[in-house]
Amino acid sequence: MQFSRRRFLNQVGAAGGSAAVYQMALALGLMSGDARAAGRTTPGATPAAGLVPQLKGARRSVVMLGGGLSSLMAAYELERAGYDCTVLEAGHRIGGRNLTLRSGDLVDEMGHQQRCNFDDDPNLYMNAGPARIPVHHYYLVNYCRHLGVQLETFTNVNYNAWVQDPNAFGGKPVRFRQYITDARGFIAELSAKAINTSDLDAEFSTEDLERIIAFLRSYGDLDTDLLYRGSNRGGYQQPGVLAPTAGMLEHGHVHERLDFSEILKSDFWQYRMYFGDGEDQAAPLLQPVGGMDRIVDAFVASIRSPMLTHAQVKSIRLKEEGVSVVYQHKGRHREIQADYALNCIPKHLLVGIDNNFPSEYTTALRSIGRGRMFKIGIQMKERFWENENIYGGISWTNQNIEQIWYPPHNVHGRKGVMLGAYTWNPANAEFFARMNPEERFAEAVRQGANVHPDYARYAETAVSVPWHRMNHIMGCTAMWTEETRRQYFTYLQTPLNDRHFMMGDQISYHPGWQEGAFSSAHHSLSELGKRVSAELGGAA
Amino acid sequence: MRAPALLSACLLTLITAAPAAADDYSVVPETFIYCTTCHGVELRGNASVDAPRLNGMEDWYLRNQMLAFKHGRRGTHAQDTNGLEMQPQAAALTEHQIEDAVAFITALPVRTWTIEHTVAGNVDRGRTLYATCGACHGPQGQGNRTLSAPRLAGQSDWYLARQLEKYRSGVRGYDPADTAGAQMRAATQVLGSEEDIQDVVAFINTLPVN
């Protein structure tokens, strides 16, 4: 479907009035045009136009609560428009869940503070939070361009990676390509048989039927008898006889077909098989060179406003003329009076902070659940997976670790940090969260050995992050239901008293994605801009 | 931060940084900031992260429970998701640090303005059911140290309900070394249903906090 710029602006106009069109047009024009004009910006250089209309001499102050990406974007844009900004972050670092762990970094987990013991090497890092950039994530990609964050290709789906399930193929891993090819072959053969024996011809023309059969033959690589007898899409048996790579000096031999009943037993088809077709997961994807937190670094280098860490908010009070925030910093209480507060503190921690919000607001904040996710990064002393023809991508296993990720960067380097577990099932996150870091390492290695038998031999050190146990965060993806969304999403998105703006990926339809945070921040900035314009009588 | 001289002109629109006007809040030692991450400002409790109110708890009870967590007498049952979250926190502390934590918590003024009621039930039925509870916890829910029975009045009501549920199902009070817990486990058998629990907690909500 063609989604033209004009149609987009018309839709925004219909939803938000002409001010919204203005804001969005500014965004669309600015971010690509600006980057073209400025090239890679030097830190501190201020491009002419931003997302927020210039104050032009008027003064307005904004306090950003929480140092996540939405606050960084807001501070960057507001500062450029002449606002006085302050960012307050309770934790030891700016960036929220955009967290890259390298040698010596602190993992501030409740009850299990750890240090990352990876070798001091720019290639040895773990993206503990977001780790992939879909190229259609508009703000994310454009801020990377605008702020000069260098990007490289991220491999998400790898046909050479493994699929392993204790309940199928005797627990033996099979190649991703083989599983998919054989599953398609069997389904295509089954469909062709069904069509030939049914009275589908009543519904389809002869030409359609011919083309359906041709489609199935093509889809599943069926022979002229409409039988699936294996396919080279599933890979040849390696090595070849006359050359190390099969199919070079002789016909390659396709693999024995997998047993269809075993294919069905595996959980892989449930969502992992088509996972890479997802809108946010399909190739091509990108990652910043050197770690996801290069994005945080780029914002921080471009923001001059004060950004305090170890500044824990105690109280948020909406007043007639603004917002009053009390926080503790360096053993003292401080109070900030600001015209506006933009707030990305996790909603489940915000409700533990003193406030004068109406009770419905608190009820709304409490209605959103907190996600549980777990990642462990393991430094491997050799890039053994490359000997298995695996370069980047994900192996899937139906064990608690769920996924094994191979670093797409530093190909043929000496060592590598791989993701030894990335759990989406909350029960698996809990399984690991209950262990201490050493136990998690041992367990992840034990399970990983069911995919790569020599795994333990290479594992040197690990660092683990259960997001629902991280100090000042205590949750991963915000868990909305259709019901809570219907009830509270617009309400929480609407500035309270025209002064207090909830934001972050938690106030988006895309929690857990950086683009959700940026989109939410832009919404807040637009709403804020409207109010300031009204106050200044259109002067801004 | 901008120089204070600049602020006078348009105070309302500029950010100011100054000591909090009222002593509504207590300065938390850096070591114990993480307690407030979950248990909230002034340790008021936060149901969204399953962290009960600690403000107003007795020192002996806090000590007993922190030690119970530390030594695995509490928070090790596989069904006790929240207890399992607290357990490593206490395990990471030395007994000396536990004393420091108890001292920090009990030094906080009792902040009655942070108490909120979330449990609804039949207070009259609750009053009748409470007769058994009152034998140890006192008719006003004021607690009785001699009997190892903590104060109930003013505690997070959702937490009281959840603990009664845990005792009833043996998720808490399972360790023979936890004598008070074992007693509590036996005592909760008089609460036959979830409704009983709601009612008795609704009654506790009516008891005076101080």
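Quick check on chain B: helices-only [θ] at 222 nm, where DSSP H runs of length 4 and up contribute -39,500 (n - 2.57) each and the sum goes over total residues. Nearest 500, please.
-13000 deg cm²/dmol
I'd like the orientation of helix B:123-137 relative to chain B: the angle between its Cα long axis and the longest Cα principal axis, in ° from 0 to 90, rounded to 10. Approximately 90 degrees, to the nearest 10. Legend: helices of chain A (whole DSSP H runs) are marked when their alpha-carbon atoms reach 15 angstrom or more along the helix axis and their mean Kyte-Doolittle hydropathy is at least 1.0; nothing is marked. Couplings 3J(HN,Hα) for segment B:173-185, derived from phi with the Karplus relation 6.51 cos²θ - 1.76 cosθ + 1.60 (θ = phi - 60°), are x, 8, 9, x, 6, 8, 4, 5, x, 5, 4, 5, 4 Hz, where x marks Gly and Pro.
Remark: chain B projects, on average over all directions, an area of 14.1 nm² (convex hull of Cα atoms).
Cut-off is 10 Å between beta-carbons; in what order do A:Thr100, A:Thr245 appear when sorted fewest neighbours first? Don't skip to the end; give the middle numbers.
On the way: A:Thr100 24, A:Thr245 11.
With the fewest neighbours first, A:Thr100, A:Thr245 line up as A:Thr245, A:Thr100.
Note on A:Ser526, A:Ser464, B:Ser193: ascending count of other Cβ atoms within 10 Å places them as B:Ser193, A:Ser526, A:Ser464, the fewest first. With θ taken as phi - 60° and the Karplus curve 6.51 cos²θ - 1.76 cosθ + 1.60 applied, the whole-hertz 3J(HN,Hα) list for segment A:263-280 is 4, 5, 5, 6, 7, 4, 6, 4, 8, 6, 4, 10, 3, x, 8, x, 4, 8 Hz, x standing for glycine and proline.
Specify whether the C-alpha gyration tensor of the protein assembly as shown places it in the rounded, prolate or oblate class, a ≥ b ≥ c being the square roots of the eigenvalues: rounded for a/c under 1.5, otherwise prolate if a/b is larger than b/c and oblate if not. Here the protein assembly as shown falls in the oblate category. Karplus-derived 3J(HN,Hα) values for segment B:108-122, using 6.51 cos²θ - 1.76 cosθ + 1.60 with θ = phi - 60°, are 5, x, 6, 9, 5, 5, 9, 7, 9, 9, 10, 9, 10, x, 8 Hz; glycine and proline are entered as x. How about segment B:141-196: which GluC sites (Glu not before Pro) there lie in a loop by DSSP and see at most 14 other Cβ atoms within 10 Å? Sites meeting the loop and neighbour criteria: none at all.
Give me a single rounded figure for B:45-55: the average over its residues of other chain Cβ atoms within 10 Å of their Cβ. Don't skip to the end; give the middle numbers.
Working: counts 1, 8, 4, 16, 9, 1, 3, 0, 0, 0, 0.
Across the residues of B:45-55, the mean count of other-chain Cβ atoms within 10 Å is 4.
Where does the charge balance sit around A:Phe169 when Lys and Arg score +1, Asp and Glu -1, over other residues with C-beta under 14 Å from its C-beta?
Numbers: positive: A:Lys172, A:Arg175, A:Arg257, A:Lys265; negative: A:Asp165, A:Asp182, A:Glu256, A:Asp259, A:Glu262, A:Asp267.
In short, -2.
Can you check what the net charge comes to around B:Asp100, using other residues whose Cβ is under 14 Å from the Cβ of B:Asp100 (Lys, Arg +1; Asp, Glu -1)? Intermediate values should be presented prior to the final figure.
Numbers: positive: B:Arg63, B:Lys70; negative: B:Glu30, B:Asp59, B:Glu95, B:Glu99.
Once all neighbours under 14 Å are counted, the net charge is -2.
If you take the Cα centroid of segment B:125-193 and the Cα centroid of segment A:265-328, the two points sit 43 Å apart.
Close Lys pairs in the protein assembly as shown (alpha-carbon distance under 27 Å; sequence gap of 8 or more, or different chains): 21. Placing pseudo-labels 7 Å out from each Cα toward the beta carbon at A:Ala442 and A:Asn389 gives an inter-label distance of 3.7 nm.
Relative to the longest principal axis of the Cα atoms of chain B, the long axis of helix B:157-169 lies at roughly 30 degrees.
Considering only DSSP beta bridges with both partners in chain A, what is the antiparallel share in %, to the nearest 5?
Rounded to the nearest five, the antiparallel share is 75 percent.
Residues A:Phe176, A:Phe186, A:Phe260, ranked from the fewest to the most other C-beta atoms within 10 Å, line up as A:Phe260, A:Phe186, A:Phe176.
Inter-chain Cβ neighbour count for B:80-90, averaged per residue, equals 3 (cutoff 10 Å, partner chain atoms only). From its DSSP helices (H runs of at least four residues, each -39,500 (n - 2.57)), chain A gives a residue-normalised ellipticity at 222 nm of -10000 deg cm²/dmol. For the peptide A:203-210, the mean number of other protein chain Cβ atoms found within 10 angstrom of a residue's Cβ is 0. The charge dipole of segment A:174-265, taken about its Cα centre with unit charges on the Cβ of Lys, Arg, Asp and Glu (plus for the first two, minus for the last two), comes to roughly 540 debye. Applying 1/(1 + (r/R0)^6) with R0 = 60 Å to the Cβ-Cβ distance of A:Ala534 and B:Glu194 gives a FRET efficiency near 0.75.
If we count GluC sites (Glu not before Pro) as exposed when they sit in a DSSP loop and have at most 15 other beta carbons within 10 Å, what is the longest stretch of chain A that avoids them all? Write out the running numbers ahead of the final one.
On the way: sites that count: A:Glu203, A:Glu250, A:Glu256, A:Glu279, A:Glu320, A:Glu321, A:Glu382.
That would be A:1-202.
Dipole of chain B computed with +1 at Lys/Arg Cβ and -1 at Asp/Glu Cβ about the Cα centre; of B:Gly170, B:Gln87, B:Val102, farthest Cα towards the positive end is B:Gly170.
None of the figures in this text is laboratory data; all of them are computed from the coordinates on show. It should be emphasised that the depicted structure is a prediction, and the values quoted were computed from it without experimental measurement. A quick note on method: Cβ atoms are made from the backbone with ideal geometry, for glycine too, and the neighbour counts reach across all protein chains shown.
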